[in-house]
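Notes follow once the structure below has been shown.
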Amino acid sequence: MVEIKFGTVGKIMVGDEAGRFVLIQELPDVPPSYLVLTAADSEFEESGGDEWVEDYASLLEFFEEGGWLVDWEGRASEGDEL
């Protein structure tokens, strides 16, 4: 099972983009959609990118297609609740 945390910075350990950092933001849509932010650094200042996914099932597919195994660091991003 894929582990996904919202509002928490993680490092992609395995899969596409291994070595980069990821942050998932839940958007206030009904039902919620998600913004997947990636960057070369944990502060998201270098070589960043983003992808939008329309629902949780699509988010799971996104992680599975990329083969991502993420080490979640437990740092909440400013303004997000876990």
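Laid out as a table, the results:
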quantity: Pair list, Cβ under 7 Å, 6 or more apart: the range 2-20 residue open to solvent by 70 Å² or more (accessible area, probe 1.4 Å), other residue polar (S, T, N, Q); calculated: GLU17/THR38
quantity: VAL30 β-branched (Val, Ile, Thr), open to solvent by 40 Å² or more (accessible area, probe 1.4 Å) and either at pLDDT 95 or above or within 18 Å of VAL70 (Cα to Cα) (or both); calculated: no
quantity: Qualifying residue in the range 55-65 (condition: closer than 15 Å to GLU17 by Cβ and part of a loop (DSSP other than H, G, I, E, B)); calculated: no
quantity: Of all residues making up the range 42-54, the number that are part of a loop (DSSP other than H, G, I, E, B) and surrounded by 12 or more Cβ atoms within 10 Å (Cβ to Cβ); calculated: 4
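The values are calculated or read from the model by the stated rules, or taken from the named source; none is laboratory data. Only a predicted model underlies this, so the values are computations on that prediction, with no experimental measurement involved. Methodologically, a virtual Cβ is constructed for each residue, glycine included, from the backbone with ideal geometry; neighbour enumeration extends over all protein chains shown. Accessible surface is based on the protein model in full, side chains and every heavy atom, while ligands, DNA and RNA are left aside. Shrake-Rupley method; radii C 1.70, N 1.55, O 1.52, S 1.80 Å.
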